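Enquirer: Could you have a look at this structure, given as C-alpha cells, before my questions?
The values are calculated or read from the model by the stated rules, or taken from the named source; none is laboratory data. None of the values given here were measured: they were computed from a predicted structure. Note that we place each Cβ from the backbone using ideal geometry, even for glycine, and neighbour counts take in every protein chain shown. Just so you know, the surface numbers come from the protein's heavy atoms only, side chains and all, with ligands and any DNA or RNA stripped out. Shrake-Rupley method; radii C 1.70, N 1.55, O 1.52, S 1.80 Å.
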Amino acid sequence: MAVFSKEYGYVVLTGAATFILMGHLSFSVVKARIKYNVQYPRMYSDDPETGHIFNCIQRAHQNTNEILPLFLFFLCAGGIHHPRLASSLGMVWIISRVVYAHGYSSGVPDKRKRGNFGIAALLGLFCCTVDTGRIMLGCNNLPKWPRGFFKTV
C-alpha cells in the first residue's frame, strides 16, 4: 500500500479548488443564458446582436471542461513526489483560467490570451508527472554532463 506524504494534502485541496472554479464558470453560463435568452438544450446562440457574447462565455466554460481531466491527472500524479510544486502550479493554472474566462467573456475573444500564463503551469505539472514516473520506475541514474561542460572559457 502506498503512503502519501502529509504535504499531499495541498494537492488534494488544489484539486478541490477546481470545484469552485467550475461552479463559477457554470454560474456565469447560467446567468448569460437568462440574460441573452438562450434556452436549453441549445449550446450556442445565433442571435446576431448578443449571440457573440453568450458564445464567448459558453466557450470559456467549455474550454476549461475540455482541459480539466488532463490538468487533474497531472496534478494528482505529479503531486505524488512533488506535492508543493504541483499544488503551486495548480493554483497558478486555476487563476489563469479565471483570467482567461474573464477576458473571453468580455465579448472580445483576443482578451482570453491574458490567461495564457496557465500553459506554463500545465507544462510544469507535466514535468512533475514525468519525473514522478521516472522515480517510481527507479530510473534515478540521470545522465551526467562532462566535467566543465558549461564552464565559460
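One line per residue, one yes/no per condition, for (1) closer than 13 Å to N63 by Cβ; (2) not small (G, A, S):
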{"position": "S87", "(1), (2)": "no, no"}
{"position": "V92", "(1), (2)": "no, yes"}
{"position": "I95", "(1), (2)": "no, yes"}
{"position": "S105", "(1), (2)": "yes, no"}
{"position": "F117", "(1), (2)": "no, yes"}
{"position": "A120", "(1), (2)": "no, no"}
{"position": "L125", "(1), (2)": "no, yes"}
{"position": "V130", "(1), (2)": "no, yes"}
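Enquirer: Go through (1) in a helix (DSSP H, G or I); (2) free of Cβ contacts under 8 Å to residues at least 60 places away in the same chain; (3) surrounded by fewer than 19 Cβ atoms within 10 Å (Cβ to Cβ) for G124 and report which single condition fails.
Expert: That leaves (3) as the condition not met.
Enquirer: Something else: Considering each of G107, G90, G103 in turn, give the residue that is surrounded by 21 or more Cβ atoms within 10 Å (Cβ to Cβ), among the small types (G, A, S) and in contact with a helix residue (DSSP H, G or I) (Cβ under 9 Å, 6 or more places away or on another chain).
Expert: Values: G107 fails: surrounded by 21 or more Cβ atoms within 10 Å (Cβ to Cβ); G103 fails: surrounded by 21 or more Cβ atoms within 10 Å (Cβ to Cβ).
G90 is the lone residue from the list that is surrounded by 21 or more Cβ atoms within 10 Å (Cβ to Cβ), among the small types (G, A, S) and in contact with a helix residue (DSSP H, G or I) (Cβ under 9 Å, 6 or more places away or on another chain).
Enquirer: What about F71, is it surrounded by 14 or more Cβ atoms within 10 Å (Cβ to Cβ) and of a type in the set (F, W, Y)?
Expert: Taking the combined requirement at face value, the residue satisfies it.
Enquirer: Sticking with this structure for a sec: Given the condition at pLDDT 95 or above, within 25 Å of the chain's Cα centre (by Cα) and open to solvent by 30 Å² or more (accessible area, probe 1.4 Å), answer yes or no: does some residue in segment 45-56 qualify?
Expert: Looking through segment 45-56, none of the residues is at pLDDT 95 or above, within 25 Å of the chain's Cα centre (by Cα) and open to solvent by 30 Å² or more (accessible area, probe 1.4 Å).
Enquirer: May I pose another question? Among the numbered criteria (1) farther than 15 Å from L122 by Cα; (2) modelled with pLDDT of 95 or more; (3) among the β-branched types (V, I, T), which single criterion is violated by V38?
Expert: Only one criterion in (1) farther than 15 Å from L122 by Cα; (2) modelled with pLDDT of 95 or more; (3) among the β-branched types (V, I, T) is unmet by V38, namely (2).
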